[in-house]
Amino acid sequence: MESPHGSSVGADAVRQSQQAVEDWAVIQYLNTDLLIDVDGDGEGDGDGDGSSATASWNSLMTHVHHEAALKALGEDLDPLFTVGGVWEADLRRTSAGWRISRTSVRPLWMSGTAPQPAANA
């Protein structure tokens, strides 16, 4: 996982994603324009032949600050932090089906107050 918060792999990526979600009272991601490019026919031979694909999509990511963060940062703070960005993923075909091997997000614009993890504690 590659994001503005840093890079991580495997179980660390899952923990990083979980922490990012917990930093907010509510989050909602709206995704559109999913593009997938499969290397080969994507069918494979049923034994996980190593077929691969890439995917990308646009995302509108809306985050609502925790009440504690609003109090710590100021009552007049806009409770929303919104990001427009592009996600990318690498996929690989295994004998168990398609698996995500890498994801990244690239913010294109932001509005509102960025996360303040210390204020959420």
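Summary of computed values
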item	result
Surface accessible to a 1.4 Å probe, per residue, for the residues of region 65-111, Å²	60
Segment residue 56-residue 35, extension gain: residue separation times 0.36 nm, minus the distance between their alpha carbons	7.0 nm
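The values are calculated or read from the model by the stated rules, or taken from the named source; none is laboratory data. These numbers were taken from a predicted model, which means no experiment stands behind them. SASA here: full protein model, heavy atoms, side chains in, ligands and nucleic acids out. Shrake-Rupley method; radii C 1.70, N 1.55, O 1.52, S 1.80 Å.
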